[in-house]
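First the structure, in the form of structure tokens, and then the observations on it.
Every number in this text was worked out from the coordinates using simple rules, so none of it is lab data. Just so you know, these numbers come straight off a predicted model, no measurement behind them. For neighbour counting, all protein chains shown are included, and Cβ atoms are generated from backbone atoms with ideal geometry for every residue, glycine included.
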């Protein structure tokens, strides 16, 4: 019987921060002290608070340590494990109050969450099926096998579960279509092709709770009459693939995969297909083509995959988070699941919270919470006391929601009305120092590169939109470009064949809708209000204010600033790369370095004191 359990996060984020080295050091320290029979080490999946990794939690004390390094281990064993004392310097410190917090449940980042899809992530050893079973695993499958397939489908329909991969199509309805389609051979496909930059929701579930996905696929397979399933996961997720293979082998050993599962007569197998990382393969018909060994490009619909999918057979495609919710619905009931969320959006949603917030990581919240709740409660507010400017929701094809909509509830319908979309769950927070024109250009560059190129509106339209944004951010914009950009965006949205092209214009359309004044400043006034677009920025030194401190000289990376000590300095515009280092280095009380844009001072920017 172990007296203590030490949980170390072994998600990709914490591994990259050194959690495996921490584990090895801990194992050696426990062995040296003869404690290996009294203290158990658990390597869990992603705990969510990735920026604070490696995460190290001592149970049953529930003491949360973050940023732990191998050299910290001897002190943690001596003080926290043996003596029960706190190692204060490794405790989490609130970025606002600066107070230390002992238990992770008292940290605002976790306190405001409701972890359902992530229920086991960071809690169990994902490579141990027994730990999954102890926490209720495969009970949903057991109940499903006691019901008729249509009863299972009705339960999922009653729950209100909608797909978590993008469009939010009702899951039960999709299952019913596949169930009703004629044919003996049918397939379940798990879409784990998570291609959004900065998104790692699906990866973390696969790494931290792979059996939840397998159980969801089994239940879906029973419901539609499928005997085989595929998990399409990108090859850039080696840890997820490893843990999936382990989970599949364990489930087969326990009789939970294979023939006559739980003596029900139900047969089901799962295979893994590793994708090459094409963003467009997140689109379901392109994904199916890739599984079949063909080039991963979308096809016209109908017929939809539920009627004619993998190898021409009825196929039901759900994403990772959707499937991870299914066992809960069967185990705890549709009424329990639908008690959380809004009228049209039930349950919770997992987001990858990144950008200019104090707390970044993986968060799961009830549908209907506001952007403000996530950014300022869970996220801990904007870094450096800066001002919130926008939240880009839904990945590279999502929309930018401005400050005036901070209290917008996050659900499928509200986001769509605001010009954004739920997407798979990327949420990037930007502050006052972000140029919204440049941000739209950045995301459009991604979708332009990932377009498969087979339909003209997407292939040429996105490229032309990107070209216009390049001109605007580089000072070549014309007044008519703004209306042309909007016209092109609407054309691409309407004319593209698949979801990539149909949603790619969202960053442009929402920034035009909420931040048109920034486009006009670039085009009509020749300036970038956020001081980001270098071609619209020029720095100069006011000789009457300069005290010759040489701070700007020391930080200039290209030697563009010259001047003797205690003498006025000057900037050579030919050498200047407009990096802004001199502007930031100049003492605030002096502010001799000034930012000008075509001989106009950027007085509207909060950072400018000229």
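Quick one: order 522, 5, 405, 569 by neighbouring beta-carbon count within 10 Å, fewest to most.
5, 405, 569, 522
Hey, what's the per residue convex hull volume over the C-alpha atoms of the chain, in cubic angstrom?
Convex hull of Cα atoms, per residue: 165 Å³.
Over 10 Å intervals from 0, what percent of Cα-Cα pairs in the range 170-264 sits in each interval?
15, 43, 33, 9, 0
Sequence gap at least 6, Cα distance under 8 Å: using those rules, report the relative contact order of the range 348-431 to the nearest whole percent. Write down the numbers at each step before the final one.
On the way: 176 pairs, mean separation 30.8, N = 84.
Across the range 348-431, relative contact order equals 37 percent.
Between residue 524 and residue 339, what's the calculated FRET efficiency when r is the beta-carbon distance and R0 is 35 Å? Round to 0.05.
For R0 = 35 Å, the calculated efficiency reads 0.10.
With just the Cα atoms defining each centre, how far is the range 201-239 from the range 373-417? Give it in Å.
30 Å
Would you work out if the range 448-490 is rounded, prolate or oblate? Take a ≥ b ≥ c from the square roots of the eigenvalues of the alpha-carbon gyration tensor; rounded if a/c is under 1.5, else prolate when a/b is larger than b/c, oblate otherwise.
Numbers: a/c = 3.83, a/b = 1.77, b/c = 2.17.
The shape class here is oblate.
In degrees between 0 and 90, to the nearest 10, how far off the longest principal axis of the chain does helix 436-450 point, with axes built from Cα atoms?
Approximately 50 degrees, to the nearest ten.
Using the number of other C-beta atoms within 10 angstrom as an exposure proxy, rank 129, 134, 55 with the fewest first. Display every interim value, and only then the final one.
Details: 129 23, 134 10, 55 29.
Exposure proxy ranking, most exposed first: 134, 129, 55.
Extent of the range 537-601 along each principal axis, from alpha carbon coordinates, in Å, largest to smallest?
Cα extents, longest axis first: 28, 23, 16 Å.
May I ask for the distance between the Cα centers of the range 246-277 and the range 5-43, given as a whole number of Å?
31 Å
Looking at the chain, what % of its DSSP beta bridges pair antiparallel, to the nearest 5?
Numbers: 38 of 66 bridges.
Rounded to the nearest five, the antiparallel share is 60 percent.
Give the calculated FRET efficiency between residue 584 and residue 184 to the nearest 0.05, with a Förster radius of 56 Å applied to their Cβ-Cβ distance.
In this case the efficiency is close to 0.25.
Nearest 10 degrees is fine. How inclined is helix 238-253 to the longest principal axis of the chain, computing both from alpha carbons?
Here the helix axis deviates by roughly 10 degrees.
For an R0 of 51 angstrom, estimate the FRET efficiency from the Cβ-Cβ distance between residue 3 and residue 554 and round to the nearest 0.05.
That gives a FRET efficiency of 0.35.
Is the C-alpha gyration tensor of the range 129-338 telling us rounded, prolate or oblate? Criteria: a/c under 1.5 is rounded; beyond that, a/b larger than b/c is prolate, otherwise oblate.
Numbers: a/c = 1.42, a/b = 1.16, b/c = 1.22.
It is rounded, given that a/c, with a ≥ b ≥ c, falls under 1.5.
Hey, what does the equivalent ellipsoid look like for the range 234-373, semi-axes from the Cα gyration tensor as sqrt of 5 times each eigenvalue, largest first, whole Å?
Values: eigenvalues 161, 108, 71 Å².
Taking √(5λ) for each Cα gyration eigenvalue gives 28, 23, 19 Å.
Given only helices, namely DSSP H runs of n ≥ 4 each adding -39500 (n - 2.57), what is the per-residue ellipticity at 222 nm of the chain, to the nearest 500 deg cm²/dmol?
Details: 22 runs with 206 residues, N = 610.
After summing the helix terms and dividing by residue count, I get -9500 deg cm²/dmol.
Could you give the distance between the Cα centres of the range 309-341 and the range 155-199, to the whole Å?
Taking the Cα centre of the range 155-199 as reference, the centre of the range 309-341 is 7 Å away.
Restricting to Cα pairs below 8 Å that are 6+ residues apart, what does the relative contact order work out to for the range 267-328? Please round to a whole percent.
21 percent
As a footprinting exposure proxy, order 364, 404 by other Cβ within 10 Å, with the fewest listed first. Intermediate values should be presented prior to the final figure.
Numbers: 364 22, 404 8.
Going from sparsest to densest Cβ surroundings: 404, 364.
Run a plain Debye calculation on the range 26-169 (Cα atoms as equal point scatterers, no solvent) and give log10 I(q)/I(0) at q = 0.11, 0.17, 0.19, 0.20 Å⁻¹, rounded to two decimals, same order as the q list.
Taken in order of the listed q values, log10 I(q)/I(0) reads -0.59, -1.06, -1.23, -1.32.
Quick one: compute the contact order of the chain, relative version, from alpha carbon pairs under 8 angstrom and 6+ residues apart, as a percent.
Numbers: 1307 pairs, mean separation 66.9, N = 610.
About 11 percent, as a whole number.
Cα gyration tensor of the range 101-220, axes a ≥ b ≥ c as square roots of the eigenvalues: rounded (a/c below 1.5), prolate (a/b > b/c) or oblate? Let's see the in-between values first.
On the way: a/c = 1.97, a/b = 1.60, b/c = 1.23.
Because a/c hits 1.5 or more and a/b exceeds b/c, the range 101-220 counts as prolate.
Helix 462-473 against the longest principal axis of the chain: what's the angle in degrees, Cα atoms only, rounded to the nearest 10?
Once rounded, the angle reads 30 degrees.
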